[in-house]
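Since the structure comes first, as structure tokens, the remarks are kept for the end.
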Amino acid sequence: MRENQGRIFDLDVAGRPDAITQLSALAAVTERIGLVATQNTTYNYPADLARRLASLDLLSAGRAGWNIVTTDNAWTGANFRQGGWLEHERRYDRAGQFVDAAKELWSSWDGRGPARPVERDTDLVRLRATATVPVSPQSRPVLFQAGDSDGGRDLAARHADVVFSANTEYGKAVAYAADLRDRLARHGRSPDSLRILPGASVVLGDTPAEAEEKARWVRGEQINGPRRSPSWSSTGAPTCPPTTRTDRCPTSSPARTSSTLHAARSRSRTAPAKRP
């Protein structure tokens, strides 16, 4: 659970169910939409995540995708007893090794015979695994990537089928696309092997004033109090830097554990409601 000054982020308790579980349910009641799960490579494990994504791809008859992200926050690391343990560019090194392993696992079983074992022993990924899920009609999940740093762009050029771009200004968008094409060439890929999806939002109104008012409302719904990252503290409380283990993070408030707070919240929410 994410915390800020001893308080749990409410949406982590009830509002952030597992993406692959949700998309597996959607796979049963849809036929024509893609199902893309955002899953990080910093704290997951390649063989486990590759198997879960392959399962979604098989259940959906080849409609699954994976939005590849890395994670530096300490609260996620705390769930894995690792803390924020990788520098920014090293996270992309691990992501590249992680995706290499996942792709090899997905291609190791073609359905015409037993899957071949896959072994990896790099500086950031070590595994020995055998695929347990056969390939889907699309062979493997579609790979998405959204990082705009040097490491993120290189990861996209090496592995992604689709990349998200926050560059909506024409000049910056053109420069971004040109940079990606150069990187694709360095990795032996054609310019058409990667699709760029601009992150643009359009808000319409009958008048400019109405459109601006709607835009403010939309923005307010996207970033409001409950949705803000709990590390955005208005009181200036110290937060853990990405490379600091969470058990050593300084705090400016009395220590309260997640389990204690969670139990308290559970008791308050399960209490009988008073009828008028």
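The values are calculated or read from the model by the stated rules, or taken from the named source; none is laboratory data. Remember, predicted model here, so these are calculated numbers, not experimental data. Note: ideal-geometry Cβ built from the backbone for every residue, glycine included; neighbour counts use all protein chains shown. Quick note on the areas: whole protein, heavy atoms, side chains included, nothing else; ligands and nucleic acids left out. Shrake-Rupley method; radii C 1.70, N 1.55, O 1.52, S 1.80 Å.
Might you work out the accessible area of Asp100 for me, using a 1.4 Å probe with all protein chains in place, and round it to the nearest 10 Å²? About 50 Å², rounded to the nearest 10.
For the peptides 184-197, 158-171, 50-63, what is the packing order when you average, over each peptide's residues, the other Cβ atoms within 10 Å and list the highest mean first? Walk me through the intermediate numbers first.
Working: 184-197: 12.7, 158-171: 16.1, 50-63: 20.7.
So the peptides 184-197, 158-171, 50-63, ranked by packing, come out 50-63, 158-171, 184-197.
Sorting the segments 111-117, 101-107 by their mean number of nearby beta carbons within 10 angstrom, highest to lowest, gives 101-107, 111-117. Accessible surface comparison of Glu31, Glu212, probe 1.4 Å, protein chains only, largest first: the order is Glu31, Glu212.
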